[in-house]
Amino acid sequence: MSNLYITTSRKPKNSTRKLVKWLAILMKAKKENRGKRDFGEIEERAKTFGCPNLLFIYERHGNPDSLNFYRKNWLGQIKIKKIEFNKLPKRGEVELVVPEKIEEIIKKIRSLNYSTHKKNEIVFKSRGTELLKIILGD
């Protein structure tokens, strides 16, 4: 299990819940829907699970809009343009490939192993097959 806690906006739509589920599986993270919890409650829950790193998935018009990383303070926001779901792996290692421009944010989440590329997308792969691709916005 990683030291990452993933949560949603207050009333997430199905597409946001699906992204949270996939990210939690691929990153071996703890996940929960936010519900009526305020920020302090979420931070405390994450600590009880041993997760100092938080990832908030915010949405706009019912779709995931941004990945927002927090560890004692805000590390950064990554805007989402499009998401392509393929299939979840049955088992095996998952490779995370991120754009160079967001490497500084990802580095701070110490439990994530990743490589970088020049494309404007986050890709999760297993045995050469793309599982999930998040195309980034501006």
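The values are calculated or read from the model by the stated rules, or taken from the named source; none is laboratory data. Predicted, not measured: the structure shown is a model, and the values here were computed from it. Virtual Cβ from ideal backbone geometry, glycine too; neighbours counted across all protein chains shown.
Per-residue answers, yes or no, for (1) free of Cβ contacts under 8 Å to residues at least 24 places away in the same chain; (2) surrounded by fewer than 18 Cβ atoms within 10 Å (Cβ to Cβ); (3) under 16 Å from residue 9 (Cβ atoms); (4) among the small types (Gly, Ala, Ser):
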| position | (1), (2), (3), (4) |
| --- | --- |
| 21 | yes, yes, yes, no |
| 28 | no, yes, no, no |
| 32 | no, yes, yes, no |
| 38 | yes, yes, yes, no |
| 41 | yes, yes, yes, no |
| 53 | no, no, no, no |
| 56 | no, no, yes, no |
| 62 | no, yes, yes, yes |
| 65 | yes, no, yes, no |
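Residues in region 49-59: is at least one of a type in the set (S, T, N, Q) and not in a strand (DSSP E or B)?
No.
For region 108-122, which positions are crowded, with 16+ Cβ neighbours inside 10 Å and at pLDDT below 80?
Listed by number, the residues that qualify are 109, 112.
Assuming residue 93 fulfils every condition listed in (1) closer than 18 Å to residue 3 by Cα; (2) in contact with a Ser or Thr (Cβ under 8 Å, 6 or more places away or on another chain); (3) of a type outside the set (Gly, Ala, Ser); (4) crowded, with 18+ Cβ neighbours inside 10 Å apart from one, which condition is it?
(4)
Only one of 91, 45 is without any contact (Cβ under 8 Å) to a residue 24 or more places away in the chain and not small (Gly, Ala, Ser). Can you tell me which?
Just one listed residue meets the conditions, 91.
Within region 72-88, track down each residue that is charged (D, E, K, R), in contact (Cβ under 8 Å) with a residue 40 or more places away in the chain and in a loop (DSSP other than H, G, I, E, B).
The one that is charged (D, E, K, R), in contact (Cβ under 8 Å) with a residue 40 or more places away in the chain and in a loop (DSSP other than H, G, I, E, B): 87.
Could you grab me the full set of residues in region 72-90 that are more than 22 Å from residue 131 (Cα to Cα) and either modelled with pLDDT of 95 or more or surrounded by fewer than 17 Cβ atoms within 10 Å (Cβ to Cβ) (or both)?
Matches in region 72-90: 72, 73, 74, 76, 77.
In region 48-88, how many residues are of a type outside the set (Gly, Ala, Ser) and within 18 Å of residue 4 (Cβ to Cβ)?
So the answer is 24.
From (1) surrounded by 12 or more Cβ atoms within 10 Å (Cβ to Cβ); (2) under 22 Å from residue 107 (Cβ atoms); (3) modelled with pLDDT of 90 or more; (4) out of contact with any Gly (no Cβ under 7 Å at 6 or more places or on another chain), pick out the condition that doesn't hold for residue 2.
With (1) surrounded by 12 or more Cβ atoms within 10 Å (Cβ to Cβ); (2) under 22 Å from residue 107 (Cβ atoms); (3) modelled with pLDDT of 90 or more; (4) out of contact with any Gly (no Cβ under 7 Å at 6 or more places or on another chain) applied to residue 2, the lone miss is (3).
Being under 14 Å from residue 132 (Cβ atoms), in a helix (DSSP H, G or I) and either under 17 Å from the mean Cα position of the chain (by Cα) or of a type outside the set (A, V, I, L, M) (or both), is that true of even one residue in region 28-40?
no
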